Amino acid sequence: RVDRAYLNVLKAEALLNVAQQTVADRQVLFDDIKALAQNKLKSDLDLSFAQANLDQAKQLLLQTENAMGEAFAELSAALGYKIEYRFELTEQALTPFPKESADSLTQLALRIRPDVIGMRDQVLSAQKRTLAERDARLPSIAALGTIGRTPVGDPGVQGNYAAAGVVVQVPVFTGGLLSSRQDEAFLRANAEQKSLDDTETQVVAAVHSAWLDASTALKNIDVTEGLAASSDQALILAEAQYRAGQTSII
């Protein structure tokens, strides 16, 4: 969460720089066209287009400023702060893409994720309780013994003594209490097992989704860099046409 919030702040900062530059550039164009329109060298339509472009840039600036605040708020919360801090962040190198496949990472997640481990412990506890409730319905046998010495009293009972016996308990006439407890424990164990299955399914889906998202994002970096280069070239050509008077707006 911290890593994601950190990258979102860097993204918001980059977009804010773009928005600020856009406002500055369109303000210059608007001032130029306004001056030309006042001298009857540009039409009012050109001026209205320039005004609309400037207003659109200002709207973009407001949106990016709001996104910047949200990004810093998320980063502060992810770091455990109760108030928002405006950090000065430096851009770090990209984390290398994991060499493991999505399936191997899924197996790792199923072994080490705390929520899955905790759910498995709950299932094991419920299964042991089911066995305990089942055993409670069976007869139980207990061996008892005692040994001692009577130093005083009637001479007939003085001396050492020892005794042993066996106690057999048979649960009868419980009104179905024991069987009901066993059924309840069995159903609870099944419910815990189903919850574990659902949790493991969610983990598998989350890992595969994250792996695919990361793979797509890394591939998209090269595509976006090419798109940015093309956009820069198009902007240079558009500015050249504007300066040469071949077009009224950029």
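The values are calculated or read from the model by the stated rules, or taken from the named source; none is laboratory data. Since the structure is predicted, the reported quantities are computational estimates derived from the model, not experimental observations. Reconstructed Cβ throughout: ideal geometry from the backbone, glycine too, with neighbour counts over all protein chains shown. Side chains are part of the model used for accessible areas, which takes the heavy atoms of the whole protein and leaves out ligands, DNA and RNA. Shrake-Rupley method; radii C 1.70, N 1.55, O 1.52, S 1.80 Å.
Consider all pairwise Cα distances in the stretch 149-250 and report the whole-number % of them above 22 Å. Percentage above 22 Å: 76. What the phi angles of the stretch 14-30 give under the Karplus curve with 6.51, -1.76 and 1.60, with θ = phi - 60°, is a coupling list of 5, 5, 5, 4, 4, 5, 5, 5, 5, 4, 4, 5, 6, 5, 4, 5, 5 Hz, glycine and proline written as x.
Computed on the stretch 1-142, with alpha-carbon pairs under 8 angstrom and 6+ residues apart, the relative contact order is 25 percent. With q set to 0.14, 0.15, 0.17, 0.20 Å⁻¹, the log10 of I(q)/I(0) for the stretch 57-192, from the Debye formula over equal scatterers at the Cα positions, is -0.97, -1.01, -1.08, -1.17.
For the chain, the relative contact order works out to 18 percent when only alpha carbon pairs closer than 8 Å and six or more residues apart are counted. Listed values for the stretch 80-88 are Karplus-derived 3J(HN,Hα) couplings in whole Hz (6.51 cos²θ - 1.76 cosθ + 1.60, θ = phi - 60°), namely x, 7, 8, 10, 7, 10, 9, 7, 9, and x replaces Gly and Pro. To the nearest 10 degrees, how steep is helix 177-243 against the longest Cα principal axis of the chain, on a 0 to 90 scale? So the helix axis and the longest Cα principal axis differ by about 10 degrees. The local environment of Ala52, defined by Cβ-Cβ distances under 14 Å, has a net charge of 0 under the rule Lys, Arg +1 and Asp, Glu -1. Using bins of 10 Å that start at zero, the share of Cα-Cα pairs per bin across the chain amounts to 6, 13, 15, 14, 12, 10, 8, 7, 5, 4, 3, 2, 1, 0, in whole %. In vacuo Debye scattering of the stretch 1-140, one point per C-alpha: log10 I(q)/I(0) at q = 0.17, 0.22 Å⁻¹? Each listed q maps to, in turn, -1.01, -1.19.
Charge tally around Leu75: other residues with Cβ under 15 Å, Lys/Arg +1 each, Asp/Glu -1 each, net -2.
In square angstrom, what is the accessible area per residue of the stretch 1-112 with a 1.4 angstrom probe?
Using a 1.4 Å probe on heavy atoms only, each residue of the stretch 1-112 averages 70 Å².
Residue by residue, the stretch 100-111 carries 3J(HN,Hα) couplings of 6, 6, 5, 5, 5, 5, 5, 4, 5, 5, 5, 7 Hz when phi is fed to the Karplus relation 6.51 cos²θ - 1.76 cosθ + 1.60 (θ = phi - 60°); x denotes Gly or Pro.
Protein heavy-atom surface of the stretch 144-229, 1.4 angstrom probe: 60% of the accessible area is carbon and sulfur, with nucleic acids and ligands not counted.
If you take the alpha carbon atoms of the stretch 152-205 and fit the smallest convex hull around them, that volume is 201 Å³ per residue. Springs between alpha-carbon atoms under 10 Å, Gaussian network over the chain: tell me which of Glu239, Glu88, Glu192 tops the mean-square fluctuations. The residue with the greatest mean-square fluctuation here is Glu88.
GNM on the chain, alpha-carbon springs under 10 angstrom: the most fluctuating residue among Ala143, Ala126, Ala93 is Ala143. Each 5 Å bin from zero up to the one holding the largest Cα-Cα distance in the stretch 203-250 carries the following percent of pairs: 5, 20, 12, 12, 10, 9, 8, 8, 6, 5, 3, 1. What does the charge count near Pro171 come to, summing +1 for each Lys or Arg and -1 for each Asp or Glu among other residues with Cβ under 13 Å from its Cβ? So the surrounding residues net to +1.
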